[in-house]
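Some notes on the structure that comes next.
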Amino acid sequence: MRGAARDPKDDLLSAMVQAQDETGVLSRRELVDTAFLLVVAGHETTVHLICNGMLALPRHPEQLAALRENPAALPAAVEEFLRFDGPVSTSTLRFTTKPVTIGGTEIPEGRLVLVSFLSANRDAAQFANPEDRPAWRPGLLMHGLTSLPVRASAQESGR
């Protein structure tokens with residue numbers, strides 16, 4: 001494609017291929033796993049963020065009108081899309097390496113743990129009126145999944 005903007009991920013993939021070919025630093029498995037991670041973390045999460053946001057707006061015409069009236073609220077809207085209906089609902093599967101107590105419940109060593117990001121993002125202790133959707137909350141700061149590099153990519157693409 002002539003004149004098309006280069007995607008920074010292309011440069012990263014090229015560097016990874018060179019590292020494997022020239023130095024043997026990356027195994028074939030590492031190269032494939034990392035490329036897969038980039039696709040899932042960079043593409044799918046962004047697509048889901050945009051789709052969830054576009055689905056939310058017609059369902060809340062008053063917020064859509066407010067956003068059209070004040071396009072500067074778009075960054076806050078993207079944050080709210082990430083909080084309320086984020087692109088990833090649960091963590092990857094994890095196993096406890098030792099007994100751990102969470103909320104008064106002990107989870108023994110070797111047990112499967114699955115974290116729900118959507119549930120965490122509706123925590124009334126962290127968010128006033130967490131079930132309100134979408135409310136462009138000034139100064140919204142999220143934790144968990146959204147602190148990953150995926151957040152920056154999704155935010156920029158979502159805007």
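The values are calculated or read from the model by the stated rules, or taken from the named source; none is laboratory data. Just so you know, these numbers come straight off a predicted model, no measurement behind them. Note that each Cβ is placed from the backbone with ideal geometry, even for glycine, and that neighbours are counted across all protein chains shown. Remember, those area values only see protein heavy atoms, side chains included, never the ligands or the DNA or RNA. Shrake-Rupley method; radii C 1.70, N 1.55, O 1.52, S 1.80 Å.
Here is how the numbers come out for the structure above:
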quantity	calculated
Residue list for region 105-125, restricted to those being among the charged types (D, E, K, R), open to solvent by 80 Å² or more (accessible area, probe 1.4 Å) and out of contact with any Lys or Arg (no Cβ under 8 Å at 6 or more places or on another chain)	GLU106, ARG111
Residue satisfying all of: in region 46-87; small (Gly, Ala, Ser) and free of Cβ contacts under 8 Å to residues at least 60 places away in the same chain; nearest to SER116 (Cα to Cα) among these	ALA77
Subset of region 46-104 that is closer than 22 Å to PHE127 by Cα and in a loop (DSSP other than H, G, I, E, B) - its residue that is most open to solvent (accessible area, probe 1.4 Å)	GLY103
Filtered residue count, region 47-72, keeping only those that are closer than 16 Å to ASP85 by Cβ and of a type in the set (Lys, Arg)	1
Qualifying residue in region 103-120 (condition: at pLDDT below 85 and more than 26 Å from GLU44 (Cα to Cα))	no
Hey, PRO149 open to solvent by 30 Å² or more (accessible area, probe 1.4 Å), modelled with pLDDT of 85 or more, out of contact with any helix residue (DSSP H, G or I) (no Cβ under 6 Å at 6 or more places or on another chain) and not aliphatic (A, V, I, L, M) or not	no
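Listed here are the residues, each with its yes/no results for (1) in contact with an Asp or Glu (Cβ under 9 Å, 6 or more places away or on another chain); (2) at pLDDT below 85.
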residue: VAL25; (1), (2): no, yes
residue: VAL40; (1), (2): no, yes
residue: HIS43; (1), (2): no, yes
residue: LEU57; (1), (2): no, no
residue: PRO71; (1), (2): no, no
residue: GLU80; (1), (2): no, yes
residue: SER89; (1), (2): no, yes
residue: ARG94; (1), (2): no, no
residue: THR97; (1), (2): yes, no
